[in-house]
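The values are calculated or read from the model by the stated rules, or taken from the named source; none is laboratory data. Note that the structure is predicted; figures quoted are calculated from it, not measured. When we count neighbours, we look across all protein chains shown, and the Cβ atoms used for this are built from the backbone with ideal geometry, even at glycine.
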């Protein structure tokens, strides 16, 4: 059995979980998420706790057991608290700003880069060099943050670029001329 799959999922007050016809639906104060559950997996809701059960002992079911437990736990957390990813912009004169529902990034290109705000995701700029991505779906929040970071990845020589808040970028030493070597 999966060690992750055996853990119980605490369901906070105000969150309801339904499992019917292979689809789990989680409703909470921040919204609603649904996910299809495949394989021999069952979900039992007992009071304030929820269990994800594997109905057989095959290798595939064991892998899905832990996977679906983690995904459902993230769904419960998302509809009750939400998820936030913060990004920092490092570079001389580099900045970000919101214009309506578009994020405009000036990050060293000859033109500003405009990014549409996806549905279900909130992008904000608390300062000119900080961007926050928030929402109830952990996968979407992480993907949007990764897409923003890929616009200008941090480079290792000067440290310029868009990085996750608190991310450490290993600095490399620049090239040497090689004079005096034989």
Test for residue 52: is it touching a strand residue (DSSP E or B) at 6+ places or on another chain (Cβ under 8 Å), free of Cβ contacts under 8 Å to residues at least 12 places away in the same chain and surrounded by 15 or more Cβ atoms within 10 Å (Cβ to Cβ) = no
Right, residue 101: in contact (Cβ under 8 Å) with a residue 12 or more places away in the chain and under 21 Å from the mean Cα position of the chain (by Cα) or not?
-> yes
Of 66, 93, 78, the only residue that is in a loop (DSSP other than H, G, I, E, B) and touching a strand residue (DSSP E or B) at 6+ places or on another chain (Cβ under 9 Å) is 93
For residues that are surrounded by fewer than 18 Cβ atoms within 10 Å (Cβ to Cβ), in a loop (DSSP other than H, G, I, E, B) and either in contact (Cβ under 8 Å) with a residue 12 or more places away in the chain or not assigned by TED's automatic domain parsing to the domain that holds residue 59 (or both), tally how many sit in region 14-29.
-> 3
Part of a strand (DSSP E or B) and more than 13 Å from residue 11 (Cβ to Cβ), is that true of residue 33?
-> yes
Out of 110, 177, report the one residue that is at pLDDT 90 or above, loosely packed, with under 14 Cβ neighbours inside 10 Å and more than 23 Å from the chain's Cα centre (by Cα).
-> 110
